[in-house]
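Computed from the coordinates by the stated procedures, all read-outs in this text should not be read as laboratory data. Worth saying up front: this structure is predicted, and the values here are computed from it rather than measured. Please note: Cβ atoms are built from the backbone with ideal geometry, for glycine as well, and neighbour counts cover all protein chains shown.
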Amino acid sequence: MAVTLKDVAERAGVSRSAVSRTYTEGASVSAKTRDKVIKAASDLGYSPNVLASSLTTGRTKLIGLVSNNFHNPIFLQVFDLFTKGLQERGLRPLLVNLSNETDPENSVRMLQQYSVDAVIVASSTLPASFAQSFHDAGVRVVHSFGRHVPNPSVHIVGIDNIEAGRLAAQTLVDYGYTKVGMMAGPRGATSTQDRCKGFIQEMDLHPDIETSVSYADDYSFDAGRAEMARLLQDNPAQAYFCGDDVLSIGALSAAESAGMSVPDDVGFLGLNDMDMARWENINLSTIRNPFADVIKASIELVEAMLKDPEVTPQAWLFDCHVVERGTLRRR
């Protein structure tokens, strides 16, 4: 039989309400009573029922963690950091797969059924309206890796993708390439749109360099490989900025399958600096997205909202930088 709150109360010689208050955050209980309850619970091997306690506190400590691109291995890193960070703070992540989801109302309804205390939308491709739908329904929300705006209506944490696109273009210019391309992600993704905007703005400053832009169907290895195989059929560029590391790895695979040498025949620059990028057989030059910083800040904003639901929405930006490896030719 499972040890109950009543068993602990009898063992400690206190009321059941005293045991309940001991395990209720912020409840009033004397140090003497608390010590007696904790000792009795330890002796009996008792663990409080967190779901039952949520009925008293009105807090489940459940945090919805939602994303829409489980095909991209970068999200293994993202979810690892998010789940560890939330659990270390006594919060409980509820992972939700929104792949192919187009109606935010379905997601809002589902997470409301679980009485989550807050939601983290971890996506660089979902529109701002997705996170806004949670806010409009009265659910605390942070949009991690979301599109930056100066005066947001919900908390946004990430990098400036326009600046990332500019940085990528400037890097290819600095390497001395005279014909460059951007192999972007899906056209509808906000991250794709912003990275393309920055890339094109910077390349417009260098009219002597031939520039092209194309789009992959998805942020995935297969999409990157398919689009690069198409590009290689007709006078390809000397180097490509791929809007995501996993696209770059797919493109790298296509180039090598076509018998091309990287970086001698064609160069690649990714974005994110996922763990795979540094593997010796990949060795991808890329732009580092500071995931750990973004995730830490996102969790801090969740904690701030739990303490004060009226905290003003903020937009937190983190800098990114180039990590030079082996897929761009030597300068």
Taking the Cβ of each residue in ARG92, ARG187 as the centre, tally the other Cβ atoms inside 10 Å and list the residues starting with the fewest. ARG187, ARG92
Quick one: length gained pulling SER214 to GLU310 fully straight, 0.36 nm per residue minus the C-alpha distance? 30.3 nm
In debye to the nearest 20, how big a dipole does the chain give about its Cα centre with +1 on each Lys and Arg Cβ and -1 on each Asp and Glu Cβ? 1600 debye
Too-long pairs where the Cα-Cα distance tops 28 Å, listed order kept, from LYS61/LYS296; LYS84/LYS307; LYS36/LYS61; LYS84/LYS197; LYS39/LYS296; LYS6/LYS84: LYS84/LYS197; LYS39/LYS296; LYS6/LYS84
Kirkwood hydrodynamic radius, region 161-289, all distinct C-alpha pairs: what's the number in Å? 14.0 Å
Lys/Arg Cβ at +1, Asp/Glu Cβ at -1, dipole of the chain taken about the Cα centre: which of LEU271, SER107, MET305 is farthest positive-ward? MET305
Run the quick spin-label model on PHE318 and LYS39: label points 7 Å from Cα toward the beta carbon, then report their separation in nm to one decimal. 4.6 nm
